[in-house]
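Below is a structure I'd like to ask you about.
Where a number appears in this text, it was derived from the coordinates with a stated rule and is not lab data. Since the structure is predicted, the reported quantities are computational estimates derived from the model, not experimental observations. Every residue, glycine among them, receives a Cβ derived from its backbone with ideal geometry; neighbour counts consider all protein chains shown.
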Amino acid sequence: MKTAMRVFVLGAGASLHAGYPLAAEMGTSLATWIKTLSSDHQYRDCLNQIVDMYGALDDFESILADLMTCAPGSRAASLGATRPYLLRDLKEAIRDHFDAIRSAPTVLYDSLARLIRPSDVVITFNYDLGVERALRVAGLWDIKTGYGFPVEPGDTPSPVEVLKLHGSTNWRALLFGGSTGFFAGGGNSSLSKKRQARY
């Protein structure tokens, strides 16, 4: 008898237990991490530019929205041709910040992986890789076919699909033929082999 598919929905904040910041804390969390890097690291320049332009980092989502939409007359528009480079560095800083967190235990995701069965679907609003990592360790998820579309040719479908409604820190635009979304844009590679190996 075929098992019925179940859908698990993970809201924003589901990854808090694994050390990932809430959206409201993203700016200060990122700034704290950047300050641990070498004094000449490019992310320090990126952070300094953002602080100079926007002041406090408390409303980081609005800062990101301004940089991405670049409405006429906005602070982002005043950057001119340098805006894409600042946004690129900011996206990469967030990815690397999340990479630094990734090795932390994911106790709740590990527990979830024990409940999930093949053919289930996980819908998440989080763009970190915590749930994929836990499912992969449990043998339930494959990066090649596990996002609901083929990342690269795979022999068999992933037992469980993870649908990421807000994008993912390991996605790039070329992977999706130019699809948009915060972490689907920018960069000139499809999916970094280095990041694949870290799952």
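Quick one: compute the contact order of the stretch 1-106, relative version, from alpha carbon pairs under 8 angstrom and 6+ residues apart, as a percent.
33
Rounded, prolate or oblate: which fits the stretch 86-173 when a ≥ b ≥ c are the square roots of the eigenvalues of the alpha-carbon gyration tensor, with rounded for a/c under 1.5 and prolate only if a/b beats b/c?
Oblate shape, in that a/c is at least 1.5 and b/c is the bigger or equal ratio.
Oh, and also: Compute the Cα gyration tensor for the stretch 6-89, then decide on rounded, prolate or oblate, letting a ≥ b ≥ c be the square roots of its eigenvalues: rounded whenever a/c is under 1.5, prolate when a/b is larger than b/c in the other cases, and oblate in all that remain.
Oblate shape, in that a/c is at least 1.5 and b/c is the bigger or equal ratio.
Just order 132-144, 72-84 by mean Cβ neighbour count inside 10 Å, highest at the front, would you?
Top to bottom by mean Cβ count within 10 Å: 132-144, 72-84.
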